[in-house]
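Data block below; observations after.
The values are calculated or read from the model by the stated rules, or taken from the named source; none is laboratory data. As the structure is a prediction and not an experimental result, all values here were calculated from the model. All Cβ positions, even for glycine, are placed from backbone atoms using ideal geometry, and neighbour counts span all protein chains on display.
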Amino acid sequence: MTRNLPLMLGIAFLALVVVMNSMFIVRQDRQAIVLRFGQYTSTINAPGADQPGLYFKLPFFDTVVIYDRRNIGLTLEGQSFVASDQERLIVDAVVRWRIADPRLFYQAAFNEEGGAQRLETFTESALRRALGGATSNDIISGRRAELMQLIEADLNAAAATELGVRVIDVRIRQADLPQETRDRVYDRMRSERQQVAGRIRAEGERDAVIIRATAREQAERLRGEGDGERARIFASAFGRDPEFAAFYRSMAAYERAIDAGTPIVVPPDSDFFRYMQRRRGQ
């Protein structure tokens, strides 16, 4: 019995190894493919299925490859693209994707790292096609949402058939001009704004001249109408009272001839006193 103990322990250890290599667990957030002699045999817990749990395989003959079932992120930073107006742009993009066909994914990329590298290549091509057909202004602000939808559709068409991947979302996180191009564009924009401001200022000055000329013309017309009305009123008053007309003309002559503050001596028999006495006697 004692002599057989090492053999028994060896058999028990071998049996334990066989049992351990016969079982595997697929979690809820994972999916697996089973290979026998390197050839695909089955998929467990694929997208759309609900098959997590404990599974068995043939030890030493079957191989299990586990993939993530959740969404996976891919970030592209500092990618350079040329827009349709020949402006070079620096673009940062984010792609959310998941493995939709584990069998095709294994055949095309083997593992998730290889799949991410291939998807990055697909994404760069889709970005180049979409951004190459748009102006820099559209990419930076105008049509970014529309362009992201085009990129997502283009990327899905390639990734689904060649990689077994479904693209959930594509976001252009940042798109900007290189520093040297940005300075040149800002200088051009500043020059255009100055030209617009100069044109508006010139139009304002021209309108001001027209308004002032119109106002002077209206003022002269109103002054002329006022002077005419004044002359008419005086003529009517003078016609009714010739004596008052003579008195008024005398006073007007005094006003024109004498400076303000200058004392004058008026004799008692002057027109002023005679007129005032007559007015008092009436």
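Does region 97-145 hold any residues that are outside any helix (DSSP H, G or I), in contact with a Leu (Cβ under 8 Å, 6 or more places away or on another chain) and closer than 29 Å to residue 67 by Cβ, and which are they? The one that is outside any helix (DSSP H, G or I), in contact with a Leu (Cβ under 8 Å, 6 or more places away or on another chain) and closer than 29 Å to residue 67 by Cβ: 97. Any residue at all in region 52-63 that is under 21 Å from residue 167 (Cα atoms) and at pLDDT 90 or above? Within region 52-63 (the criterion being under 21 Å from residue 167 (Cα atoms) and at pLDDT 90 or above), the answer is no, since none of the residues qualifies. Pairs meeting the criteria (first residue in region 50-66 and within 13 Å of residue 37 (Cα to Cα), second residue surrounded by fewer than 14 Cβ atoms within 10 Å (Cβ to Cβ) and basic (Lys, Arg), beta carbons under 9 Å, at least 6 apart or on different chains) are 57/36; 58/36; 61/36; 62/36; 63/36. Scanning region 74-89 for residues that are surrounded by 14 or more Cβ atoms within 10 Å (Cβ to Cβ) and farther than 26 Å from residue 100 by Cα returns 79, 81, 83, 87, 89.
Hey, among 112, 152, which residue is within 19 Å of residue 79 (Cβ to Cβ) and acidic (Asp, Glu)?
Going through 112, 152 in turn, just one is within 19 Å of residue 79 (Cβ to Cβ) and acidic (Asp, Glu): 152.
Can you name every residue in region 163-179 that is surrounded by fewer than 14 Cβ atoms within 10 Å (Cβ to Cβ) and in contact with a helix residue (DSSP H, G or I) (Cβ under 6 Å, 6 or more places away or on another chain)? If the condition is that a residue be surrounded by fewer than 14 Cβ atoms within 10 Å (Cβ to Cβ) and in contact with a helix residue (DSSP H, G or I) (Cβ under 6 Å, 6 or more places away or on another chain), then no residue fits. When residues in region 28-73 are screened for being loosely packed, with under 15 Cβ neighbours inside 10 Å, in a loop (DSSP other than H, G, I, E, B) and at negative phi, 11 of them pass.
Cβ separations smaller than 9 Å between residues 6+ apart or across chains give the following pairs from region 152-174 residues that are without any contact (Cβ under 8 Å) to a residue 40 or more places away in the chain to residues that are among the polar types (S, T, N, Q): 154/125; 158/125.
Screening region 97-119 for residues that are among the polar types (S, T, N, Q) and closer than 16 Å to residue 34 by Cα and picking the one that is nearest to the chain's Cα centre (by Cα) gives 111.
Right, residue 92: in contact with a strand residue (DSSP E or B) (Cβ under 8 Å, 6 or more places away or on another chain), among the acidic types (Asp, Glu), surrounded by 13 or more Cβ atoms within 10 Å (Cβ to Cβ) and over 30 Å from residue 181 (Cα atoms) or not?
No, not satisfied.
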